[in-house]
Each structure stands twice: as structure tokens, then as C-alpha cells.
Amino acid sequence: MRQISIDALNEHIFEAIEMLKNNSDENASDNEKIDIDTAKAIAELGKVVVDGYKVKAQVMNIIKNGSNPQSVSQMAIEGGIINREQQ
């Protein structure tokens, strides 16, 4: 599985913004432009990714503050919320 970071997500979002700005530039090629529906889809998917990171952060906080971090950690791994490298 390809590892994606918040920084990479930001780069994609800002690239989409630049491409939207290029829509009004008559010198921009079609490859430098994006339609509004595609930009909206990218933004919505970005929100989903950020929400996923929020859940992982909450789980990591529970693990850190829990009385039995190994048990909570194991449940998070088995539930697919985190992987072993994120412990």
C-alpha cells in the first residue's frame, strides 16, 4: 500500500487550486486545467483522508493514556485503524 502523508495531500489540493485558477488563463494547456466537479471530488476525498487521520490520532491518544496500552493497541491493529509500524 502506498503511504500518503498530510503534506502530500496538501500538495494535491494546492495543485488542484492552481489548476482551477488556470481555467481562466487562455495560455494554459488542457493539462494545466481541471473541471470544477473534479476539483470538488478531490476536496471531498481530502476531507475523508483528514477524518481518517483524526480517528488514528484519537486512537493513538487512547493508547498513550490508557491503563492497558498493549490491549488497546492490539485492538486498533486488529481493527485496521493503525498498523504495527504506527505503534
Degrees separating the helix 69-78 axis from the principal Cα axis of the chain, which is the longest one: 50 degrees
Per residue value of the accessible surface for the chain (all protein chains in place, 1.4 Å probe), Å²: 79 Å²
Farthest positive-ward along the chain dipole, Cα basis, beta-carbon charges - from 22, 67, 5: 67
Solvent-accessible area of residue 36 with every protein chain in place, 1.4 Å probe, in Å² to the nearest 10: 100 Å²
Carbon/sulfur fraction of accessible area - the chain, other protein chains in place, 1.4 Å, %: 54 percent
Test item: Cα-centred dipole of the chain, Lys/Arg +1 and Asp/Glu -1 on Cβ, debye: 740 debye
Residue 35 versus residue 6: modelled label distance in nm, points set 7 Å from Cα along the beta carbon direction: 3.3 nm
Spatially near lysine pairs across the chain, Cα under 18 Å, sequence gap of 8 or more or different chains: 5
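The values are calculated or read from the model by the stated rules, or taken from the named source; none is laboratory data. No experiment lies behind these values; they were computed from the predicted model shown. Neighbour counts are summed over all protein chains in view; Cβ atoms, including those assigned to glycine, are modelled from backbone coordinates with ideal geometry. Accessible surface is based on the protein model in full, side chains and every heavy atom, while ligands, DNA and RNA are left aside. Shrake-Rupley method; radii C 1.70, N 1.55, O 1.52, S 1.80 Å.
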